């Protein structure tokens, strides 16, 4: 199986709701690193899994939407916590919709919240 991955970093703000997490309940910033990985067992007629320029372009557009913003203000987070787990799924949905990788395959989003902590959302399509 072939894999291709691209990563991008950005800063966004959030605060947690629904519990007592101390300072995490107050607005604060994270330096996120977002990595998208696509897996498929065949290449296209050009020898690409997915054109890396397309991945970079779409990734940049989605990152710019969240860059330096408060995640809690986005409708995608209505009624849910702005955890990195939810954020990784939201990013998966957005990136899958615009990249439309070849099926069947696997798309994984890995989202680092800092140098030591990350989560991922992985789904076959």
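Taken together, the values in this text are just the output of simple stated rules run on the coordinates, not laboratory data. What you see is a predicted model; the values in this text were computed from it and never measured. Here Cβ is always computed from backbone atoms with ideal geometry, including for glycine, and neighbour counts include all displayed protein chains.
Taking the criterion of being surrounded by fewer than 13 Cβ atoms within 10 Å (Cβ to Cβ) and in contact (Cβ under 8 Å) with a residue 12 or more places away in the chain, the residues of the stretch 114-125 that qualify are 114, 117, 124.
Of the residues 71, 91, 111, 107, which single one is more than 18 Å from residue 30 (Cα to Cα) and crowded, with 19+ Cβ neighbours inside 10 Å? Break it down into steps so the answer makes sense when it comes.
Details: 71 fails: more than 18 Å from residue 30 (Cα to Cα); 91 fails: more than 18 Å from residue 30 (Cα to Cα); 111 fails: more than 18 Å from residue 30 (Cα to Cα).
Criteria check complete, one pass: 107.
Among the residues of the stretch 8-18, those identified as surrounded by fewer than 13 Cβ atoms within 10 Å (Cβ to Cβ) and in a strand (DSSP E or B) are 9, 11.
If we scan the stretch 55-62, do we find a residue that is over 15 Å from residue 125 (Cα atoms), more than 13 Å from the chain's Cα centre (by Cα) and surrounded by fewer than 16 Cβ atoms within 10 Å (Cβ to Cβ)? Within the stretch 55-62 (the criterion being over 15 Å from residue 125 (Cα atoms), more than 13 Å from the chain's Cα centre (by Cα) and surrounded by fewer than 16 Cβ atoms within 10 Å (Cβ to Cβ)), the answer is yes, since at least one residue qualifies.
Restricted to the stretch 75-90, and to residues there that are closer than 14 Å to residue 17 by Cβ and free of Cβ contacts under 8 Å to residues at least 12 places away in the same chain, the residue that is farthest from the chain's Cα centre (by Cα) is 79.
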